[in-house]
Amino acid sequence: GAVVIDVPVDSVNGQTGAVVVDVPVQSVNGQIGAVSTNYDSQVISSSTTAVKNTVYVLTSSLTLTLPASPSIGDSVKISNLSGSETCVLARNGSLIMGVAGNMTLNISPASFELVYSGSSKGWVVIGY
């Protein structure tokens, strides 16, 4: 059947670049078996450490620590529904928007995605 992928794909069946798929797909981005490109979702009310490719819905004032040792393209989606303007995104050693500091979410509600872009800018905001 038809396969719809809504995230960037780095490899299919071990091939990279422009990939022509004329055989059954065995792996996507190194995953084998039942491959999912959906994000996990977590509704959180206390401080936690984020996991890449996860949506976090914040329901109270808290600190969300970004993943350690991210790879280019890693993503964390955030929706601040806490009613608080004091939630913090802790950088965990990586830059956020090129700055070596944590980010305070001073707008509620706010929903956006952070994508890791590499060491020079670190986590960058996509959408708002």
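Here are the numbers:
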read-out: Amide H partners (placed H, <5 Å) of Leu62, local residues excluded; value: Cys87, Val88
read-out: Globularity index of segment 52-99, i.e. its alpha-carbon radius of gyration over 2.2 N^0.38 Å; value: 1.17
read-out: Solvent-accessible area per residue, Å², over segment 44-87 with all protein chains present [probe radius 1.4 Å]; value: 44
read-out: Alpha carbon centroid spacing (whole Å) that separates segment 85-128 from segment 43-82; value: 10
read-out: Reciprocal of mean inverse Cα separation for segment 39-128 (Kirkwood radius, Å); value: 12.6
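The values are calculated or read from the model by the stated rules, or taken from the named source; none is laboratory data. Quick caveat: nothing in here was measured; it's all calculated off a predicted structure. Heavy atoms of the whole protein, side chains included, go into the accessibility calculation; ligands, DNA and RNA do not. Shrake-Rupley method; radii C 1.70, N 1.55, O 1.52, S 1.80 Å.
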